[in-house]
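Asks: Before anything else, here's the structure in question.
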Amino acid sequence: MHNLRRADRVVCLTQAVAELAAKVLDEPLMVAPVTAPIHDWRSAERAVGVRTDFALVPGTLTWYKRPLAALEWLAENDPTIRRVVYCGRDDGSGCWPEVERLVAELDMTAQRRVVPHEELYSLYAQARVVILPSSLESLGLGLSEALLHANRVVASPIPAHVEVAHRVRSSPEWLPGFSSTGVAEALDATRKISLTEATEEWRSAAKALGLAPLPGAKAVSPS
């Protein structure tokens, strides 16, 4: 709130965070939506000949991302998955020890990994399900990447996630227990967001921020 009030210009990259910011700002703000990272764009890959016997939970191990809810969802909805990979750093808040306690209680196994971004694509493709149970996100880029690369995605229907799913044009399975609006029962995923569309979004955001193109910058091409 302090930083927002001091800023000469506020540009929000999702409508969801704009609605939060508007509660503390007297001045108008700008919304320049972005859907997916483009710095390391990859074509969707699918695991071939690899056992997909684990669930992937990406993101920092912290309370608002609700990592315990991923275990609870698995126990109730897909108890055949006994291994969970948490991909993110531990913020030291005591959240990870609670995850380990519940893992032992449910007789499951859990691993915490921190990997370079480029390794996430293989994890998305190999996991039987990717779960994003967060109670708050400002961008939701983890969901957009999961929707583009994972076999199955389960996510909380918080505003940023719902917004991103519409722009990706792909619906995850929505977690119950949230009051939300705008949740689509199904989206036409025959043509998900393309690199060209995602790049144009970032160009619009850069323009809203008043950023000039880097000298000699080249167009992004998919790998």
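Asks: When you go through Val84, Val103, Val154 one by one, which is the residue that is in contact with a Pro (Cβ under 7 Å, 6 or more places away or on another chain) and surrounded by 19 or more Cβ atoms within 10 Å (Cβ to Cβ)?
Replies: Val154
The rows are residues; the columns are (1) small (Gly, Ala, Ser); (2) within 12 Å of the chain's Cα centre (by Cα); (3) part of a loop (DSSP other than H, G, I, E, B).
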site	(1), (2), (3)
Gly142	yes, yes, no
His161	no, yes, no
His166	no, no, no
Gly177	yes, no, yes
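Asks: When the stretch 188-223 is examined, which residues are found to be exposed (fewer than 10 other Cβ atoms within 10 Å of the Cβ) and either modelled with pLDDT of 90 or more or on the phi > 0 side of the Ramachandran plot (or both)?
Replies: Gly210, Gly216
Asks: Considering Arg83, Arg89, which residue is in contact with an Asp or Glu (Cβ under 7 Å, 6 or more places away or on another chain) and either in contact (Cβ under 8 Å) with a residue 12 or more places away in the chain or closer than 24 Å to Tyr124 by Cβ (or both)?
Replies: Arg83
Asks: With Val103, Val84, Val24, Val99 as the choices, which residue is touching a helix residue (DSSP H, G or I) at 6+ places or on another chain (Cβ under 8 Å), assigned by TED's automatic domain parsing to the domain that holds Pro157 and not in a helix (DSSP H, G or I)?
Replies: Val84
To keep it simple, each residue is scored yes or no on (1) touching a residue at least 60 places away in the same chain (Cβ under 8 Å); (2) of a type in the set (D, E, K, R); (3) in contact with a Leu (Cβ under 6 Å, 6 or more places away or on another chain).
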{"residue": "Ile38", "(1), (2), (3)": "yes, no, no"}
{"residue": "Gly94", "(1), (2), (3)": "no, no, no"}
{"residue": "Glu100", "(1), (2), (3)": "no, yes, no"}
{"residue": "Thr109", "(1), (2), (3)": "no, no, no"}
{"residue": "Val115", "(1), (2), (3)": "no, no, no"}
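Asks: So Ser122 clears everything in (1) over 15 Å from the mean Cα position of the chain (by Cα); (2) not in a helix (DSSP H, G or I) except one condition, right? Which one?
Replies: The number of the failed condition is (2).
Asks: Conditions: (1) more than 25 Å from Val129 (Cα to Cα); (2) modelled with pLDDT of 95 or more. Ala70 meets all but one. Number of the miss?
Replies: (1)
The values are calculated or read from the model by the stated rules, or taken from the named source; none is laboratory data. Everything numeric here is computed off the predicted structure, so don't read it as measured data. Every residue, glycine as well, gets a Cβ built from its backbone with ideal geometry; the counts of neighbours run over all protein chains shown.
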